[in-house]
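Data block below; observations after.
Nothing in this text is a laboratory measurement; each read-out follows from the coordinates by a stated rule. Keep in mind that this is a model prediction, so the values were computed, not measured. Reconstructed Cβ throughout: ideal geometry from the backbone, glycine too, with neighbour counts over all protein chains shown.
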Amino acid sequence: MSYCPYHKKVIPHKVNYPVDVESSVPPELRANDPNTSMPPPPVNGGLYGGKQSTKPWASIPVIPTATYMIHHNLRSANPPPGAIFQYPGGQRTGNNYTPMPGVVWYNDGSVGHDGLYKMKVIDDINN
């Protein structure tokens, strides 16, 4: 008789599956969970009234999330392949929700490997 029975973890997916959950809010606009959207950026960065200025000294409206900065703004810098998928991924309780488009949970799917690995990998670096 065993004092520590073996419980096999069964994963319904047999292939890699997305880290992000489905939501009506796009990943780059998510605030602190998949269903909450960030508010729009303030006009002129909140410094001046009136309509948004397009002068060289004016602020550029962006969404202040790590996903938006990495996945969208970094594209304009001509980054090396795969750089736009390098998200902060540490988990701690509190304010660290970071959606990760293009990143999937690795799941080998072969016999005896159901849920064996807990790795996030890049699915396709051509996104």
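Overview of results
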quantity: FRET efficiency, residue 37 to residue 75 (Cβ-Cβ, R0 25 Å, nearest 0.05); calculated: 0.70
quantity: Fully extended contour minus Cα-Cα distance, from residue 118 to residue 44, at 0.36 nm per residue; calculated: 22.3 nm
quantity: Stretchable slack from residue 17 to residue 83, in nm (0.36 nm times residue separation minus alpha-carbon distance); calculated: 21.7 nm
quantity: Packing-based ranking, highest mean first, of 46-58, 29-41 given that Cβ atoms within 10 Å are counted; calculated: 29-41, 46-58
